[in-house]
1. I'm a student and want to see the number: the projected area of the Cα convex hull of region B:179-265, averaged over all directions, in nm².
2. 7 Å from Cα along Cα→Cβ at both residue B:262 and residue B:139: what's the point-to-point distance in nm?
3. If you take the Cα atoms of region A:224-291, find Rg, then find the Kirkwood Rh from the mean of 1/r over all pairs, what is Rg/Rh?
4. Let me understand region B:19-168 better: what is its radius of gyration from the alpha carbons, and its Dmax, in angstrom?
5. Convex hull over the alpha-carbon atoms of region A:154-240: what's its volume per residue in Å³?
6. Give the order of A:289, B:29, A:162, B:83 when sorted by the count of other beta carbons within 10 angstrom, beginning with the fewest.
7. Please list, in order, the residues from region A:97-115 whose amide nitrogen is less than 15 Å from a point placed 7 Å along the Cα→Cβ vector of residue A:149.
8. What is the projected area of the convex hull of the Cα atoms of chain A, averaged over all directions, in nm²?
C-alpha cells in the first residue's frame, strides 16, 4: 500500500496485520506504540515502591494490582508494536534499558511521598485517559484493540487515585498540606503531559493524516483541564497562579501560557537527559540485567517463561 | 459429621489456641506476599512479572481472610498490622528473608517450599471443626494449586541446565533450614491439637512435607540438605520466627511497610469496598 492510499483510507481500525503497510506508517505507529508501552513500564517502576508503603492492606492489594495492570498494558502494547514488523519486544525493552527508549515526561521525576501518589494515579492517569480514549479510534487495529482493555482498567486506576486523594483531602491538616505541596510541585509537569502546543509538535501532521492520531495536543489538554480543574478544586486544592491557564467567556479552558512552563526541562526529559529520569532508567536497567541469566535460559518457544500463557490472563 | 462451631463459641483455652494458629497462618501469608511484591516490575520477563504479581496478591488476599478470622476474636487491622510490635509477629523466617537482586531461583524455590507447606497446612485446618477455619480453605486451595504448578514448572525449567541448577541448589541450601521453621511447635501446639483445630499434628505434616519436597527436588538433580529421619531441630536456623525471634531483616521490613501509616499519623484503617480484590 502506498502512502496516498493510506491517507485516503485512514479511519478508525482501518489497517491490521494482514495489510502491507508502507514503511513510513509502520515507523510512525511503532514510535507511538513504543513510547506508550515504555511509559507503562516506567510508570509501573515509579509507583512500585508504594505497594510497600501503602497504609492499609486493601490499599496494598489495589496498588499491587495497579502496578501489575501497567505491566500487562506494556505487554499488550509491545505486542501491537511488534505486529508492525519494525522492532521486536526485546529490542524495545533493551532500548529502554540503554536510555534510547522514550517515555512520558511525568515518569522522569522522582516520587518519594505517599501524598504524591494521586498526582500520578489521579491526574496523570486521568490525562492519559483523555488521550487513550481517542486511541480507540486508531487506524492501526491492534493498537485500538489494546486500548479497549487498557481504557477499561485505567478507569479503575483513576478511581483508586481519586480515592487516595479523597482520603488525604479529608484527612488531618498535615495530610491536606502534604497533598497541596505535592500538587504545587506536580501541576506544571501535568500541564506538560500533552507536550508543547501543536505548532511545535513535529510528528503530528503525518500521524493525523494516516489516522494514528485523531486529536491535537491542545484539544486534549483543554479537555483535560475542563474536566480536572473542577475535580482538583472539589478536593480543596488551590490551582497555582502560575503557570497561567486561561478560560474563555464561557469559563472553558482554552490556553496554557507556554512561557510560564519550563521547556528546557521538558526537552531535556524528552532526550532522556534529566537526572532523576536517568536514575530511574538506570535503576530499571540494572534490575533487568540482573535477571538476564533467566531470559538466556529460556527457549524461543517459551520466551515468557513456563506457564506464561496460562498466567497472562490473570487479574 | 458434627456441625461446625463458630470461633466466638470457643472457650477461653480454645480461643487462645485458635489465635495462636491463626496468627501463624495470617502472618506467613502477609509477609511472603510483601516479599513477593519486590519482584514486581523487575521479574525476568513481562509474563513472569504478571504471574508473580498474581501470586503476591493471592497470598495477601489469604492473609486478609485469616486477619478477618482474627477480627472475629476482637482484633482490628490496626492491631494486626499497623500498630503491632514487630516482635509480636508469628511468621516463619522463611518468608521474611530478603532477595538478592536478580536471584530469581530464590522466589521460585521459596515459593515451592512454602506452597507445599501451605497445601498440607490447609489440609490440616480443613480437618478442624471451626467454621472460620474450614470455610475459606476451598477457595484458598484452588489458588494454591496454581502457585504450586507455577513453582514446579519454573524449577523444572531452571534445573534444565547446570548453571540454573546450581543457583537453585544454593537457594535450597540456604532456604530449607528456614522452611523447617514453619513446623516448629509453639506453646499452644498441644492445645491446638486437643481443641480439634487441625486434623493433623505439626510433626506429621512436617514429615509429609519433607517427603514431598525431597522427592521432587531430588528428581531435578538437587540435594536436599537433610533426611526425613534427621532430627529437624538440629537443622533449624538461629531464629525461627514463630516465637517472635526474627532475623534482623524483619524489623527493617516492618519499619518500611508501616512508614506511611506512621508519617501521616494515621490511627485507623479504612476498608475499601471491592477494590483490588
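1. Values: hull surface 34.5 nm².
Hull-based average projected area comes out at 8.6 nm².
2. With each label placed 7 Å out from Cα toward Cβ, I get 3.3 nm.
3. Working: Rg = 17.9 Å, Rh = 15.1 Å.
Expressed as Rg/Rh, it is 1.18.
4. Just the Cα atoms of region B:19-168 yield Rg and Dmax of 15.9, 52 Å.
5. Values: hull volume 8.7 nm³, N = 87.
For region A:154-240, the hull spanned by Cα atoms encloses 100 Å³ per residue.
6. Details: A:289 12, B:29 25, A:162 20, B:83 16.
With the sparsest Cβ surroundings first, the list reads A:289, B:83, A:162, B:29.
7. none
8. Working: hull surface 68.9 nm².
Quarter of the Cα hull surface area: 17.2 nm².
Where a number appears in this text, it was derived from the coordinates with a stated rule and is not lab data. In this text the structure is predicted, and so the values were computed from the model without any measurement. Positions of Cβ are generated from backbone atoms using ideal geometry, with glycine treated the same way; all protein chains shown enter the neighbour counts.
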